[in-house]
Every structure is written in C-alpha cells, then in structure tokens.
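Input: a single structure, listed below in structure tokens.
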Amino acid sequence: MREYDDDDAVDFVIVGAGAGGATLACKLAEAGFSVVVLEAGPFWRPLEDFASDEEAQQQLYWLEERLSGGTDALALGGNNSGWGVGGSTVHFSMISLRFRPEWFRSRSQLGYGFDWPITYDDLAPYYDEAERALAVSGPVRYPWGPPRRRYPYREHEMNAAGLVLARGADKMGIEWSAVPLATVSAPRGKSPPCVYRGFCNFGCATNAKQSALIVWIPRALAAGAEVRDLAMAGRIELGADGRAAGVHYRRNDAWRFQRARNVVVAGYAIETPRLLLNSACGRFPQGLANGSGLVGTHLTTHAGPGVWARFDEAIRWYKGPPNMAVCEHWNYTDAGKDFHGGYAFMSQGPLPRAWAQLLVTERHLWGMALRREMADYNHMAGLVAVAETEPRACNRVALADVRDRHGLPVAHVTFEYAANDRRMQDHARRFMGEMLAAAGGKDTWTSDDTSHILGTCRMGSDRETSVVDADGRSWDVDNLWICDGSLFPTAGGVNPSLTIQALACRMGARIQALAARGEL
Amino acid sequence: MNEDAPTARFPGYDVLAKWDSPSFDGITRKTLAARLDDVPPRRWLTQDEWDLLDAINARLLPQPDRAQPIPITPWIDAMLHDDRGEGYRHPDMPPLRAAWRQGLAAVDDEARRLLDRPFVRLDADAQDAVLHALEGGRAVSPGWQGLDAQRFFIHHLLKTAAGFYYAHPLAWNEIGFGGPANPRGYVRLGFDSRDPWEAKEAR
C-alpha cells in the first residue's frame with residue numbers, strides 16, 4: 001500500500017471507508033487523484049478475523065457511546081452501523097435493490113418528502129456500474145421497476161424461509177422475487193461461491209460477500225490510495241481562505257493533521273453530521289458547512305415492522321443469506337394505500353442470539369417460557385419490512401454534553417415517527433400477516449424495529465434547502481464533499497447501500513469532469 | 001410458573017462433534033474454546049452483586065436439567081469489566097456500568113420492600129414475583145430514581161442474559177441450530193431438508 005505523509009497535501013482525504021467512502025476512494029484513485037482514507041475502525045482480514053459466532057462478531061459494529069432518545073428512540077449499534085474498513089457493508093444483508101424512479105421526484109410526483117436534485121436516469125448508468133462491480137446475483141427477470149440489463153450472476157437457490165414468502169405471495173396472487181444479492185453464486189476472482197453458512201450479518205468468512213472491503217478497497221489500493229485504519233477524525237480545519245485545509249484525526253493516542261486539497265466526509269448519517277458539528281469555527285459557529293442550518297436534521301430511517309409465525313415444516317432459517325425473497329408490491333402500487341411512501345419486505349433468518357433477543361425485547365419472554373419458545377427455532381419464519389419514514393426537521397443528530405474516549409462530543413439522536421409512518425407500518429403488519437397465514441403460518445405475532453439511518457446532510461438544488469449540491473459538494477465550502485447515506489433527501493422503501501454506491505460512482509465521475517474543467 | 005425444561009427435540013445432537021470437521025475453522029475453534037474453557041473470574045462486580053446477579057440469571061434462564069449450567073454471570077461481569085456496551089443508550093439511562101450498579105442495588109431493595117428479604121434469600125416463586133413487578137412496571141423502590149426499572153429489566157438484565165445463554169453451544173444443541181459452518185456451509189436449503197451434519201429432530 002502506498003503511504004502518504006501528514007504534510008503531503010493529498011488531492012482527497014476521505015473520512016470513512018464504508019459504502020460511500022470506499023467506493024469514492026476507488027473511483028478517485030483510479031482517475032489518478034492522490035487519496036487517503038481515514039477509518040475509525042480496523043482493517044479486517046475476514047479469513048483470520050471473522051469467527052462463525054454472533055457474540056464475538058459484535059466487533060463489527062460502532063459500539064462507542066451515543067445517546068438515542070425521542071418518542072421512538074432508534075436502536076443503534078448492531079442495527080445500522082459499521083466499524084472498520086468496509087463499514088456496514090461488512091455485515092449488511094447484501095440486498096441490492098434500486099430506488100423506484102418516481103422517488104427521485106417524490107414531492108412533485110408523489111406528494112410527500114423532498115425532490116432529489118438528480119433523476120433516476122441520471123443515476124441509472126451508475127446503478128449498472130455498481131451492480132457489475134458487486135457482481136450482483138439476481139433473477140433473470142425482476143418484476144418491478146423499469147427495464148434493466150440482466151444481473152451479472154444468476155440467482156441463488158431459495159431457502160425455505162424464502163419459499164415461505166413465495167408460497168404466501170402465490171396464494172395471494174402477488175408478485176415476489178429472489179432478492180438480488182451482493183454475494184456471488186459462482187466463483188469470481190478470489191471469491192468462492194457463497195456456501196450458505198448464514199453468518200452474513202456477522203462477517204463473511206469466505207469472501208463470497210461482495211462488500212466494500214472486498215470490492216472497492218482492493219481496487220483503491222491497487223490504484224495508489226492509502227487506507228489508514230484506527231484513525232478517528234475529530235475536526236475539519238477551515239483555512240483563512242474559507243476552504244477546508246485538512247482533517248485532525250487521532251491515531252495511536254496522538255492527534256495528527258492530514259493536509260488535503262479536498263475533504264470528503266463519508267461517515268454515514270450520524271458520524272457525518274457529528275464531524276461537521278464538531279468542526280464549528282468562527283466562520284461557521286453552527287457547524288461547518290451549515291449555512292442552511294440543516295446539518296443533522298431530517299434524519300430518516302427504515303421502519304422494520306415484523307411478522308413471525310410457526311410452521312409445521314422444518315424451515316431452518318439459519319441456512320443461506322438471511323433475506324432471500326422479497327416483495328416490492330407496495331413500493332410500486334399506489335392505489336388503495338392509506339399512506340404515502342412505500343415499503344418492501346423480505347424473508348428472514350435470524351441466528352439464535354439475535355432471535356432470543358427479539359423474543360425477550362418484543363414479547364418479554366423469560367424463564368422456561370423463553371426456553372420452550374426457543375425450542376421452535378427451526379420451525380419459525382418471518383417477514384420484515386423496509387418501510388420509508390418521512391424526513392422531518394425534528395428528527396435529528398445533535399451534539400451531547402457527553403464526550404467519547406477521544407474527548408469529542410458524542411452524537412445525540414432524536415427520533416419520533418410521523419402519523420404517516422405509523423399508518424404504513426400498520427398496513428405492512430396486516431399485509432405481511434395475511435401472507436404468512438396464506439403460507440401456512442400459525443400463532444402469528446408482530447415486532448418493531450428499524451434499520452438504516454439516512455438524510456442528515458441532504459443533497460438539493462439550492463443552498464437554502466440543502467447542505468450539498470447534486471455532486472455532494474458543500475454549498476458553503478467548495479472543497480468539502482459528502483458521500484454517504486446522509487445525502488438522501490428521502491429514504492425510499494429499499495435498503496440503501498446500492499444507491500449509496502451508485503451515488504459515489506456518479507460523484508467520482510462528476511469530480512473528474514469538474515477537475516478537467518478546472519472547477520475543483 | 002411452569003418449570004418443565006423443553007423436551008429434547010434433537011436428542012443426541014452435539015454441535016461440538018463437528019469440531020474437527022470442515023464446519024469449524026481456526027478462528028471459530030479459538031473463539032469457542034475460550035467460551036467453553038476460559039470462563040472469566042469475577043473482576044468488576046462485588047461478591048454480593050455477583051451472587052445477586054447469579055440468582056437473577058437462574059430465574060431468567062433456569063437450568064434445572066443441567067448439572068453444569070451455561071455460565072451467564074461471568075460474561076456479564078467481563079462485559080462490565082471491559083465497559084463494552086451496545087453502541088447507544090437512552091438519554092434517560094446512566095452509562096452502562098452505572099446503570100448496572102444502580103439497577104442491581106434497586107432489584108435487591110425491591111425484594112426487601114416486597115418480601116422483607118434480600119433477593120438471594122427468596123424462594124424461586126418469590127424471586128419471580130419481584131422480577132414480574134419490574135417487568136410489569138410496578139417497581140416501587142426509590143433506588144430506581146433516574147433509572148427506568150422496566151427498561152433495566154428488559155434491555156439490560158434479560159436481553160444480556162439471553163444473549164449469552166444462546167451464544168453457548170449447549171443452547172445450540174437444545175434448539176437444533178446448525179452452528180458454525182465454515183468452510184463447509186450447507187447444501188440442502190428447502191423445506192424439511194437436512195444436511196447430514198445438521199441436527200436430527202425427534203418427531
């Protein structure tokens with residue numbers, strides 16, 4: 001790996017090595033820019049570091065202190081955050097779905113949320129690029145969305161947990177599909193095909209999973225980028241000229257300063273606004289690049305209402321990727337809804353520790369009642385939604401009085417569902433419950449959860465109503481960029497990682513074009 | 001409360017029988033060897049707190065069917081010793097260690113107020129009554145000042161204990177979980193299908 005000195009003013013210093021930062025690092029390094037990536041967590045070696053063990057693999061999550069409150073306080077940590085090179089793609093479920101085209105115009109075409117400053121057609125070539133880069137394994141014909149090219153790899157064999165969704169959907173006359181997954185169904189380079197060991201949410205120990213750690217980081221390194229792990233960014237320095245001069249970061253208990261011509265923040269929707277707020281200075285007392293006052297606001301998540309049932313057949317849902325079948329019916333159907341926005345839902349495959357913790361937090365089971373319920377583990381199946389929530393100013397990331405081990409104020413996250421969010425979840429629970437019953441499920445019960453955090457530094461068409469422009473470039477500080485899920489004006493009803501990577505690919509191309517015109 | 005342990009659904013299944021097979025890789029063997037053989041000593045809790053927590057865990061996950069119960073208390077002590085949390089806390093809750101210290105003291109005070117005895121000296125039914133009071137939001141001890149009793153019971157005591165219990169291979173045997181499977185993985189994925197290295201259910 002090429003290494004730079006702190007005093008080398010590199011073209012780009014990127015904070016965060018997840019879906020946004022790793023992808024952009026690759027694209028910029030391949031375009032010939034000098035790049036240093038600062039990552040708070042370690043540089044994982046999957047074959048040596050990833051035990052097949054839920055408890056030990058909690059190490060993949062951001063476990064530093066955060067406060068999370070509000071009427072519907074979000075669970076953070078394992079739910080939605082990564083720690084280490086690859087970020088949350090190291091433990092994501094590999095679900096690789098595109099946004100519905102109309103969502104990029106949700107305000108003007110669908111009547112809710114905010115319009116994006118780009119259209120689906122702007123992003124479509126980069127969705128193609130990201131799907132090829134991840135060698136997404138998907139069905140020959142995906143039932144929803146505009147016509148598209150074939151997925152690079154064939155779909156995986158469906159597990160019984162997914163066949164439950166399929167059987168229920170068929171009985172109801174509703175479309176279903178194999179999930180397009182970023183884990184290979186045939187050999188690819190150093191990746192053997194997925195062996196269906198089922199620990200995907202705890203790190204893939206075979207490298208079948210096409211995470212940012214496996215896909216983008218090796219390409220970035222080959223193109224000359226440096227990835228500096230265990231480097232916690234604390235503050236972005238603003239020069240006298242009003243441009244970002246570099247990033248103060250802590251490594252090996254010492255504060256250091258990396259100079260750079262451009263700074264990219266890619267810490268995901270909590271750490272990104274936190275870093276900007278912690279970088280307040282004379283010129284930006286409310287947080288760096290926060291002339292709009294919007295940094296940290298309009299946090300959205302995906303509500304994850306779940307429905308669970310017992311089946312006569314053995315399901316053994318620990319086998320295979322955790323989410324193999326999907327129904328996007330309510331993302332693409334607008335008639336007959338009592339809510340705006342959309343949701344997808346998928347089949348499930350929690351491992352024992354996660355399943356037990358769901359039983360205790362949702363049903364308050366303990367004692368022998370818990371052990372007896374757990375004995376049905378191999379006969380359970382469930383459906384969980386990825387339901388878009390409304391972007392609202394009151395849901396936000398701010399700074400707390402509490403400080404972390406680096407002396408930095410931690411994030412204080414506040415969240416409350418809107419009435420529409422609740423109607424959508426009620427709808428999802430009813431519909432998924434019907435489907436599980438149609439599939440033969442018994443003793444159905446429901447749960448609540450959330451996943452993914454988005455939208456705290458949204459992109460937009462003008463400086464009054466957004467933090468960055470369509471290229472992820474700050475309206476206030478023109479060599480400061482954001483590249484992660486913070487950019488999303490609306491959350492859409494699908495998992496965000498493919499869209500984050502497509503946006504990063506597009507940003508890479510745009511930055512190249514701007515540089516060629518002398519506009520960096 | 002019904003004290004019957006679940007009937008053996010997967011008789012004879014021992015996930016550790018796969019230890020030397022292609023289902024267990026080196027790092028997994030190392031991780032599980034530590035869980036089985038290196039149960040940590042008491043380092044953070046006081047002896048009284050440890051005894052109290054052990055009594056609570058014996059009600060949350062009773063194991064009358066095991067001569068050697070799955071250890072839970074030592075792993076909670078290790079978690080507190082390392083100050084290793086979940087990555088977030090409610091603004092109304094104290095930091096991890098402070099919450100456990102205050103919460104354990106409050107459980108004991110709750111027992112004394114309800115039944116005039118320390119928790120460890122109550123019989124199982126009385127202990128369950130105390131825990132049901134916490135679960136049901138009926139706690140009365142002033143020791144809960146600044147600490148939500150129900151949230152402490154569900155999200156600290158119960159969720160943590162369940163997490164450690166079901167991270168143990170004996171618990172995997174009990175529920176028929178296939179367990180580690182790297183690099184061999186699984187081949188038969190459909191309804192009612194079982195690879196030869198998976199648990200066989202008694203039906």
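Derivation of every value follows stated rules applied to the coordinates shown; laboratory data play no part. Not measured: the values here are computed from a predicted model. When we count neighbours, we look across all protein chains shown, and the Cβ atoms used for this are built from the backbone with ideal geometry, even at glycine.
Summary of values
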{"item": "Cα-based helix-to-principal-axis angle, A:160-172 vs chain A, degrees rounded to 10", "result": "70"}
{"item": "Mean ellipticity per residue at 222 nm, deg cm²/dmol - from DSSP H runs of n ≥ 4 across the protein assembly as shown, formula -39500 (n - 2.57)", "result": "-8500 deg cm²/dmol"}
{"item": "Degrees separating the helix B:124-135 axis from the principal Cα axis of chain B, which is the longest one", "result": "80"}
{"item": "For A:SER68, residues with placed amide H under 5 Å, excluding near neighbours", "result": "A:VAL413, B:ARG89, B:HIS90"}
{"item": "Trypsin sites (Lys or Arg not before Pro) within segment A:231-278, DSSP loop, no more than 16 other Cβ atoms inside 10 Å", "result": "A:ARG243"}
{"item": "Within segment A:95-167, trypsin sites (Lys or Arg not before Pro) in DSSP loop having at most 16 other beta-carbon neighbours inside 10 Å", "result": "A:ARG141, A:ARG148, A:ARG149, A:ARG150"}
{"item": "Whole-Hz ³J(HN,Hα) from phi, Karplus 6.51 cos²θ - 1.76 cosθ + 1.60, for segment A:207-223, glycine and proline x", "result": "6, 5, 5, 8, 7, 4, 4, 8, 9, 8, 5, x, 5, 4, 5, 4, 8"}
{"item": "Under the Karplus curve 6.51 cos²θ - 1.76 cosθ + 1.60, θ = phi - 60°, whole-Hz ³J(HN,Hα) for segment B:63-71, x wherever Gly or Pro sits", "result": "9, x, 7, 10, 5, 10, x, 4, x"}
{"item": "Other-chain or far-sequence residues with amide H under 5 Å of B:TYR13's (modelled H)", "result": "none"}
{"item": "Theoretical FRET efficiency, 1/(1+(r/R0)^6), r = Cβ-Cβ of A:HIS406 and B:GLN150, R0 45 Å, to 0.05", "result": "0.85"}
{"item": "The protein assembly as shown: proportion of alpha-carbon pairs further apart than 43 angstrom, %", "result": "24"}
{"item": "Mean shadow area of segment B:45-172 over all directions, Cα convex hull, nm²", "result": "7.9"}
{"item": "Rounded D (µm²/s) - segment A:197-336, Kirkwood Rh over Cα pairs, Stokes-Einstein at 20 °C, 1.002 mPa s", "result": "108"}
{"item": "Antiparallel DSSP beta bridges within the protein assembly as shown, as percent of all bridges there, nearest 5", "result": "70"}
{"item": "Relative contact order (%) - criterion: Cα under 8 Å, at least six apart; region: chain A", "result": "24"}
{"item": "For A:GLY234, distant residues with modelled amide H under 5 Å away", "result": "A:HIS248, A:TYR249, A:ARG250"}
{"item": "Tensor-based shape of segment A:14-168 (alpha-carbon gyration tensor, a/c under 1.5 rounded, otherwise prolate or oblate)", "result": "rounded"}
{"item": "Mean Cα-pair separation over length for chain B, i.e. relative contact order, pairs under 8 Å, 6 or more apart, %", "result": "35"}
{"item": "Residue range of chain A that is longest and free of GluC sites (Glu not before Pro) which are both DSSP loop and sparsely packed (at most 16 other C-beta within 10 Å)", "result": "A:4-156"}
{"item": "Flagged links, alpha-carbon separation over 29 Å, of A:LYS171/A:LYS337; A:LYS209/A:LYS337; A:LYS190/B:LYS159; A:LYS190/A:LYS319; B:LYS30/B:LYS200; A:LYS190/B:LYS200", "result": "A:LYS209/A:LYS337; A:LYS190/B:LYS159; A:LYS190/B:LYS200"}
{"item": "Pairwise centroid distance, computed over Cα atoms, of segment A:148-212 with segment A:246-294, Å", "result": "38"}
{"item": "Helix A:120-133 axis, angle to chain A major axis (alpha carbon atoms, nearest 10°)", "result": "80"}
{"item": "Whole-Hz couplings from phi, Karplus 6.51/-1.76/1.60, listed for segment A:354-361; x for Gly and Pro", "result": "5, 5, 4, 5, 5, 4, 7, 7"}
